[in-house]
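The values are calculated or read from the model by the stated rules, or taken from the named source; none is laboratory data. Note that the structure is a prediction, hence the values are computed from the model and not measured. Here the Cβ positions follow ideal geometry from the backbone for every residue, glycine too, while neighbour counts run over all protein chains shown.
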Amino acid sequence: MAQLPDFPEVRISAQRLDIREFGPGDASLVREVLDSGEWLPLSTAILDVDEHPADVDWWLADAVQEPRRERTGLNLMMLARDDSRIAGWIYLTDLDRYARSAEIGYGVRPGAQGRGFATEALTALARWALTAGGLQRVWLHVNTDNLASLRVAHKAGFTREGTLRRASLEEDGLHDVAVLALLDDEI
């Protein structure tokens, strides 16, 4: 797989969010998410934090940094300015330095949904990736029945390029997946 260029630490200011990489000093923010019972996919790498609180420190210092270290992606938090809590996460993955493209994925905590954070973060990260990040294309996959995520992508300026039929296996079966993209000359 192609590798990410050597980016400086990523810090993006959006209207109501600060978007930045997770760091060793973020243990209390991550523990607050875990203690709330709200699920974040990135937290699945933390094993039995009730029994092993040091796993959060390990995750912040090592596991969440692996894509950057391997130069294949970035894991970023959405930090809401109004309450200084993690509102969600957003990440770049599948970076291809030759095609200068990457996939973006994101999720918002249940308690922060419906406030426009996903659209704000996706718009901000896509603009950063297509300018300062040196990419020419960012894209995402969305299950076609996930209407909320499709709306987020369209509001952020992404164009639907096609549908991958029965391309995603979920607990309830196979789903079609929409592919959406944004190019550097479209921002």
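Within the range 137-171, the set of residues being β-branched (Val, Ile, Thr) and under 12 Å from Leu183 (Cα atoms) comprises Val138, Thr159.
Within the range 136-146, is there a residue that is among the charged types (D, E, K, R), at pLDDT below 95 and not in a strand (DSSP E or B)? No; the residues of the range 136-146 include none that is among the charged types (D, E, K, R), at pLDDT below 95 and not in a strand (DSSP E or B).
State the number of residues belonging to the range 170-182 that are farther than 17 Å from His141 by Cβ and either surrounded by 13 or more Cβ atoms within 10 Å (Cβ to Cβ) or in contact with a Ser or Thr (Cβ under 9 Å, 6 or more places away or on another chain) (or both). Here the count works out to 0.
Residue under question is Gly133, and the condition is that it be in contact with a strand residue (DSSP E or B) (Cβ under 9 Å, 6 or more places away or on another chain), more than 14 Å from Tyr106 (Cβ to Cβ) and in a strand (DSSP E or B); does it hold? Judged against the criteria, Gly133 is not a match. Gly157 passes every criterion in (1) among the small types (Gly, Ala, Ser); (2) within 24 Å of Gln65 (Cβ to Cβ); (3) not in a helix (DSSP H, G or I) apart from (2).
Here is a yes/no grid of residues against (1) more than 26 Å from Val30 (Cβ to Cβ); (2) exposed (fewer than 14 other Cβ atoms within 10 Å of the Cβ):
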residue	(1), (2)
Arg115	no, no
Thr119	no, no
Thr131	yes, yes
Asn146	no, no
Ala153	yes, no
Phe158	yes, no
Ser168	yes, no
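Taken together, the residues in the range 8-53 that are modelled with pLDDT under 85, under 30 Å from Arg137 (Cα atoms) and surrounded by 16 or more Cβ atoms within 10 Å (Cβ to Cβ) amount to 3.
Taking the conditions (1) buried (at least 17 other Cβ atoms within 10 Å of the Cβ); (2) more than 18 Å from Arg20 (Cβ to Cβ); (3) among the β-branched types (Val, Ile, Thr); (4) in contact with a strand residue (DSSP E or B) (Cβ under 8 Å, 6 or more places away or on another chain) in turn, Val108 satisfies each one other than (2).
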